[in-house]
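One structure is given below, encoded as structure tokens.
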Amino acid sequence: MEERHPTMCIPESNRRSFLRTAAGAGLAVAGLQTVVTPGTALAQEHTTELAERVALTNVRVFDGSALTAPRTVVISQGLIGITALGAQKIDCAGAVLLPGLIDAHLHLQDLDTLRQLTGAGVTTGLDMASFPPSVVDALRRRPGLTDIRSACTPAVAPGSPQSQIPAFPADGVVTGPQQAQAFVRARIAEGADYIKIIVDEPGLAPDTIAAITKAAHTFGKRVMAHATTVATVERALTAGVDTIHHVPLDSALSARTAARYASGGRVCVPTLTMMEGFARLGIPGMDYAAAEGSVAALHRAGVPVLAGTDANRTAGIPVQPAYGSSLHHELELLVDAGLTPREALRSATSLPAASFGLRDRGAVLPGYRADLVLIDGDPLTDITATRRVLRVWAGGVGFTPAS
């Protein structure tokens, strides 16, 4: 029997063919390195522009429901194309192609952040608060790396832990509903893609949360709410926010509260990776079972559940999920909480794309961004297969993780 490459599960002759044809297409498949474990230094990044047209042949595609029979997917000028005529061909030897993964909750840090995300197959990162604006601006539209969106500065209460951060912008501290319009205008001016509100106890008053939400909606912006207790979740729902990030650690959400989510068209990003980390700190009143139970209740109620990790390197935060790799752990936790592998994959592809109005990604369709992840294995039978990333395309530009 022909030898199979140990990391690809692809016949050795096909692997050699994959490398030759990829190199011929200008894909630079050797010598690319990225961080694969937290705390390691990032080696030299190596991404290259694609040839004008590349055809990935003999690839099984996750279509949002199942894996297709082996087929051809064309990358043409950064988009998913239609015809393979004249394209450089790469035989993928039956590997699985996913839409680029989307992390619906992280906190940007620097260019290294994007490299780690890209290497793990996370081609879109939804930042849930970073400042000053120059930090976010420097990371936008980086060819061949993770595409980002950001809330920029969040709304926080006077005296809150966030307001005490030395670099925290003064106009992010909201004292009452009369400041809501000014807060939202300031976020739009600095380029925020959506509005973030920290709903804590003690924290912003309910009328202030409602006023910020109303002002954001007036300007056509979705509203994200940080809420980590049952009481703050209820407060966020009453204010009419669009998406609630985190789930309670004090008690599982009830069926009634889950029904409120569903009836209002709300979305949840539970960040189970972060909840698991905090529960392990041994803080009284924090129980991971409550977080897992909340996800189960929301899922039963039909609430869209999105994959988000809360990846960060924020000083003083005791739990810092790694960029990129933590999203694969999040998918596994979502499956443990009751989602099927198919639903978990959708939670990191089509669902966040739809929830955040990203109409050019989340699926492998002609005309969409060529955000693609080639993996070894069937994630519909084993969700851990998403960890075995062979190659990533971010906006059509190839990125090969270190093996």
* Label-point separation, Asp110 to Leu365 (7 Å along Cα→Cβ), nm -> 3.9
* Structure fact -> Filtered hits (lysines, Cα-Cα < 22 Å from Lys196, offset >= 8 within chain) -> Lys214, Lys221
* Structure fact -> Convex hull around the C-alpha positions of segment 50-114: the volume in Å³ per residue is 121
* Structure fact -> Simple SL model, points at 7 angstrom along Cα→Cβ for Thr175 and Ala354; separation in nm is 4.4
* Could you give the distance between the Cα centres of segment 347-403 and segment 244-308, to the whole Å? -> 25
* To do: Please report the orientation-averaged projected area of segment 81-171, defined via the convex hull of its C-alpha atoms, in nm².
  => 8.3
* Just check the chain against the gyration tensor rule for me: Cα atoms, a ≥ b ≥ c as the square roots of the eigenvalues, rounded for a/c under 1.5, and otherwise prolate or oblate depending on whether a/b exceeds b/c. => prolate
* **segment 185-338, accessible surface, carbon-and-sulfur percent (1.4 angstrom probe)** => 55
* To do: Please work out whether segment 279-403 counts as rounded, prolate or oblate from its C-alpha gyration tensor, where a ≥ b ≥ c are the square roots of the eigenvalues and a/c under 1.5 means rounded, while otherwise a/b larger than b/c means prolate and anything else oblate?
  => prolate
* Asked: So for the chain: antiparallel DSSP bridges make up what percent, rounded to the nearest 5?
  -> 45
* Structure fact -> The alpha-carbon center of segment 128-162 and that of segment 186-228 are separated, in whole Å, by 14
* Quick one: net charge around Lys214, please, counting Lys, Arg +1 and Asp, Glu -1 for every other residue with C-beta under 14 Å from its C-beta. => +1
* Structure fact -> Once normalised by the length of segment 40-175, the mean sequence separation of its alpha carbon contacts under 8 Å that are 6 or more apart gives a contact order in percent of 17
* Asked: So what J values fall out for segment 127-134 if you push phi through Karplus, 6.51 cos²θ - 1.76 cosθ + 1.60 with θ = phi - 60°, rounded to Hz, Gly and Pro as x?
  -> 6, 10, 1, 8, 7, x, x, 4
* Where only protein heavy atoms count, and the probe is 1.4 Å, what is the accessible area per residue for the chain in Å²? -> 39
* Structure fact -> trypsin sites (Lys or Arg not before Pro) in segment 176-281 lying in a DSSP loop, each with at most 16 other Cβ atoms within 10 Å of its Cβ, come to Arg280
* Asked: Extension gain Glu52-Arg313, at 0.36 nm per residue separation less the Cα-Cα distance, in nm?
  -> 90.2 nm
* In a GNM of the chain with a 10 Å cut-off on Cα contacts, which of Ala104, Ala307, Ala95 has the highest mean-square fluctuation? -> Ala95
* Value of relative contact order over the chain, rounded to a whole percent, pairs C-alpha under 8 Å and six or more apart -> 20
* To do: In a Gaussian network model over the chain where Cα atoms closer than 10 Å are linked, find which of Ala259, Ala120, Ala192 has the largest mean-square fluctuation.
  => Ala259
* Dimensions (Å) - segment 147-206, Cα atoms, principal axes, largest first -> 34, 24, 17
* To do: Could you tell me which trypsin sites (Lys or Arg not before Pro) in segment 98-145 are loop residues by DSSP with no more than 10 other beta carbons within 10 angstrom of their beta carbon?
  => Arg141
* Structure fact -> On each of the three principal axes the extent of the alpha-carbon atoms of segment 155-264, given in whole Å and largest first, is 39, 30, 21
* Using 0.36 nm per residue of separation minus the Cα-Cα distance, give me the extension gain between Arg256 and Ala231 in nm, one decimal. => 7.7 nm
* Springs between alpha-carbon atoms under 10 Å, Gaussian network over the chain: tell me which of Val199, Val122, Val173 tops the mean-square fluctuations. => Val173
* With the Cα gyration tensor of segment 277-324 giving a ≥ b ≥ c as the square roots of its eigenvalues, does the rule (a/c under 1.5 for rounded; else a/b larger than b/c for prolate; else oblate) give rounded, prolate or oblate? -> oblate
* For the chain, the longest stretch holding no GluC sites (Glu not before Pro) located in a DSSP loop with at most 10 other Cβ atoms within 10 Å is which? -> 4-403
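The values are calculated or read from the model by the stated rules, or taken from the named source; none is laboratory data. Quick caveat, the model's predicted, so the values are computed rather than measured. When we count neighbours, we look across all protein chains shown, and the Cβ atoms used for this are built from the backbone with ideal geometry, even at glycine. Keep in mind that these areas ignore ligands, DNA and RNA; they rest on the heavy atoms of the full protein, side chains included. Shrake-Rupley method; radii C 1.70, N 1.55, O 1.52, S 1.80 Å.
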